[in-house]
Amino acid sequence: MELGLYTFADVSPEPGVGAIGPHERLRIEEIELADQVGLDVFGLGEHHRPDYAASAPVVALAAAAERTKRIRLTSAVTVLSSDDPVRVFQQFATLDLLSGGRAEIMAGRGSFIESFPLFGYNLEDYDQLFAEKLDLLLAIRDQVTVTWQGKLRAPINSRGVYPRPLQEKLPVWIAIGGTPQSAARAGVLGLPLALAIIGGEPARFAPLFDIYREAARRAGTDPATLATSINVHGFIAETTEQAADDFYGPQAEVMNRIGRERGWGPTSRAHFDQARGPNGALFVGNPEAVAEKIVAQHKIFGNDRFLLQMAIGTMPHAKIMKAIELYGTRVAPIVRKETAKAAPAILAPVA
């Protein structure tokens, strides 16, 4: 199983004591260290809000490409609905060339809507925009010269899209947050699926992978050839108590801030402690505890990839760096040993 990290490059929305700005959060050291300690994937998510610095993830990933050797570099996610597939492909093909064939696209509809009015798109077209632009992105990926027509974007008539990536096919994953229709669409298209689980009991999300695999089978794709990932929140420290104490404040502040926008009730330390228990969605603890939980979830999902988001809110850079070190040197060896006893994983298929 591939193990990795993802981040939205969280920053403090307001200045003040303990505030973290874009210059500090966009340091490449986290990706560089993840590569050095042997992690497999690093993802950077696209957002257009004051509390996140990664509005142009591929730029930061390109900088990281020059300072890393083997780690795969992916968006997490690219908000394809409000971007242009031609430019997305060109940017990630360039990243692929710079990184020696390590680029991936994780495409999604986005969990926030700020990019739609920012780039002049109508939210009423939310679903159709994604479906149409995904179709174009895959057409560009699969053929050099493209002829394509949709309803919401100008057609392309026998035009080449360059540069082409180093990889034969640029990997395109579909990222979802829990919608059965989105899982089924990924299966029909035969694309790898990444499932974000940030609340509730993870086991309840397992049927989405069943829907995904069944949709693939009905479409003529062997589900055994498709990769899956679960993307979660968590934190690692030398002791479980330290990990919980370090992570609770920043994570709760972010979840409460977003919750006020969306009408969620406030979180509490009791909710947090329950969520980091065996059946909860948070992976918080010492290396052995986190590894045990990753392995337990793997038995439920059969996932080929696991991505952990640790740099949430005002988590200090030094603590994140220590957590990455523990993840690579102590968590990863345990997980790899245990999951190697199961069937061989499928590493990032591209079709």
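Some observations on this one:
- Filter result for Ser75 (buried (at least 24 other Cβ atoms within 10 Å of the Cβ), modelled with pLDDT of 95 or more and within 21 Å of Arg164 (Cα to Cα)): yes
- Note on the range 137-155: among residues that are part of a helix (DSSP H, G or I) and open to solvent by less than 60 Å² (accessible area, probe 1.4 Å), the one that is nearest to Gly187 (Cα to Cα) is Leu138.
- The listed residue being open to solvent by 40 Å² or more (accessible area, probe 1.4 Å), modelled with pLDDT of 95 or more and in a helix (DSSP H, G or I), out of Leu129, Leu97: Leu97
- Ala243 being within 29 Å of Val172 (Cβ to Cβ) and not aromatic (Phe, Trp, Tyr): no
- Considering Gly178, Gly160, the condition of being open to solvent by less than 50 Å² (accessible area, probe 1.4 Å), at positive phi and without any contact (Cβ under 8 Å) to a residue 60 or more places away in the chain is satisfied by Gly178 alone.
- Single residue of Phe235, Phe209 found to be within 18 Å of the chain's Cα centre (by Cα), surrounded by 15 or more Cβ atoms within 10 Å (Cβ to Cβ), of a type in the set (Phe, Trp, Tyr) and farther than 30 Å from Ile20 by Cβ: Phe209
- Residue within the range 225-240 that is assigned to a helix (DSSP H, G or I), under 15 Å from Met310 (Cα atoms) and at pLDDT 95 or above present: yes
- Within the range 272-286, tally of residues that are surrounded by fewer than 16 Cβ atoms within 10 Å (Cβ to Cβ) and either β-branched (Val, Ile, Thr) or part of a helix (DSSP H, G or I) (or both): 2
- A search for C-beta distances below 7 Å between a residue of the range 292-303 that is in contact (Cβ under 8 Å) with a residue 40 or more places away in the chain and within 12 Å of Val335 (Cα to Cα) and any residue that is open to solvent by less than 30 Å² (accessible area, probe 1.4 Å) and assigned to a helix (DSSP H, G or I), counting only pairs 6+ apart in sequence or on different chains, returns Ile294/Val335; Val295/Val335; Val295/Thr339; Gln297/Pro202; His298/Thr339.
Results for (1) of a type in the set (Gly, Ala, Ser); (2) modelled with pLDDT of 95 or more; (3) open to solvent by 10 Å² or more (accessible area, probe 1.4 Å), shown as yes or no for each residue.
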residue	(1), (2), (3)
Gly302	yes, yes, yes
Ile320	no, yes, no
Arg330	no, yes, yes
Val335	no, yes, no
Glu338	no, yes, yes
Ala342	yes, no, yes
Ala351	yes, no, yes
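- Test: residue in the range 244-263 that is in contact with a Leu (Cβ under 7 Å, 6 or more places away or on another chain), aliphatic (A, V, I, L, M), open to solvent by 10 Å² or more (accessible area, probe 1.4 Å) and under 28 Å from Glu325 (Cβ atoms): no
- From the list Arg102, Arg67, Arg72, Arg27, the lone residue that is in contact with a Gly (Cβ under 8 Å, 6 or more places away or on another chain), over 27 Å from Glu124 (Cα atoms) and of a type outside the set (A, V, I, L, M) is Arg72.
- Annotation note: of Leu134, Leu166, the sole residue that is open to solvent by 50 Å² or more (accessible area, probe 1.4 Å), in contact with a strand residue (DSSP E or B) (Cβ under 9 Å, 6 or more places away or on another chain) and either assigned to a loop (DSSP other than H, G, I, E, B) or touching a residue at least 12 places away in the same chain (Cβ under 8 Å) (or both) is Leu166.
- Taken together, the residues in the range 22-69 that are open to solvent by 40 Å² or more (accessible area, probe 1.4 Å), closer than 12 Å to Leu98 by Cα and in contact (Cβ under 8 Å) with a residue 12 or more places away in the chain amount to 4.
- Residue list for the range 299-315, filter: within 20 Å of Ala34 (Cβ to Cβ), touching a helix residue (DSSP H, G or I) at 6+ places or on another chain (Cβ under 8 Å) and not in a loop (DSSP other than H, G, I, E, B): Phe306, Leu308
- Residue pairs whose Cβ atoms lie under 6 Å apart, sitting 6 or more positions apart in sequence or on different chains, and linking a residue in the range 254-282 that is under 17 Å from Asp10 (Cβ atoms) to a partner that is assigned to a loop (DSSP other than H, G, I, E, B) and among the charged types (D, E, K, R), are Leu282/Arg276.
- Any hit, the range 101-109, residues being of a type outside the set (Asp, Glu) and in a helix (DSSP H, G or I): no
The values are calculated or read from the model by the stated rules, or taken from the named source; none is laboratory data. Owing to the predicted nature of the structure, the values given are computational and were not obtained by experimental measurement. Using ideal geometry, Cβ is built from the backbone for each residue, glycine included, and neighbour counts are taken over all protein chains shown. Calculation scope for accessible area: heavy atoms of the full protein, side chains included, ligands and nucleic acids excluded. Shrake-Rupley method; radii C 1.70, N 1.55, O 1.52, S 1.80 Å.
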